[in-house]
Amino acid sequence: MRNHRERGMTLLEIMIVLAILAIIMGLVVGPAVMGHHGRAMEKTTKIKLHKLAYEAYPQWATTSHQICPASLADLTEYMNEKSVTDAWGNKLEMTCGATNPPGVVGLGLRSPGKDGKLNTEDDIVSWD
């Protein structure tokens, strides 16, 4: 009589294949997804700065008859979102009037960006 072995893959072989696939996915797909996440946070912050500077501020200035708000919290009344932080949770910096950088009219806003430090390469500003 012949010894018949069943054909197919053992559980160990399947687990090895799955482990190899998981390693490949982690090395290839993971960094790409994180890159998209970082760009999404930058875009979200840029949109928020623009909404505050170009939508909420003009409405506030029209109703308050003032040039500069005391704080960004004054503008949240004209926004759906009440937070005055960027996508990383950093506090936004406001410039207005004489404190504006050259060429900025009205209200200027700046986010320290991912690193949380102002005046670095990753800062996001409302006037670009």
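So that you can scan it fast, the table gives a plain yes or no per residue for (1) of a type in the set (Asp, Glu); (2) surrounded by fewer than 10 Cβ atoms within 10 Å (Cβ to Cβ); (3) at pLDDT 85 or above; (4) in contact with a Cys (Cβ under 6 Å, 6 or more places away or on another chain):
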{"position": "2", "(1), (2), (3), (4)": "no, yes, no, no"}
{"position": "13", "(1), (2), (3), (4)": "yes, no, yes, no"}
{"position": "18", "(1), (2), (3), (4)": "no, no, yes, no"}
{"position": "40", "(1), (2), (3), (4)": "no, no, yes, no"}
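For the residues 73, 53, the requirement of being touching a residue at least 24 places away in the same chain (Cβ under 8 Å) and in a helix (DSSP H, G or I) singles out 53.
Tell me which residues, restricted to the range 43-70, are touching a Ser or Thr at 6+ places or on another chain (Cβ under 9 Å) and under 19 Å from residue 113 (Cα atoms). Passing the criteria: 45, 46, 48, 49, 50, 52, 53.
For the range 79-128, a residue qualifies if it is part of a loop (DSSP other than H, G, I, E, B), among the charged types (D, E, K, R) and closer than 17 Å to residue 46 by Cβ, and the qualifying residues are 81, 86, 114, 115, 121, 122, 123, 128. Residue pairs whose Cβ atoms lie under 9 Å apart, sitting 6 or more positions apart in sequence or on different chains, and linking a residue in the range 88-111 that is closer than 19 Å to residue 56 by Cα to a partner that is aliphatic (A, V, I, L, M) and surrounded by fewer than 16 Cβ atoms within 10 Å (Cβ to Cβ), are 93/118; 96/67; 97/67; 106/67; 110/118; 111/118. Annotation note: of 51, 82, the sole residue that is crowded, with 18+ Cβ neighbours inside 10 Å and either of a type in the set (Lys, Arg) or over 23 Å from the mean Cα position of the chain (by Cα) (or both) is 51.
The values are calculated or read from the model by the stated rules, or taken from the named source; none is laboratory data. Everything numeric here is computed off the predicted structure, so don't read it as measured data. Cβ sites come from the backbone with ideal geometry, for glycine too, and all protein chains shown count toward neighbours.
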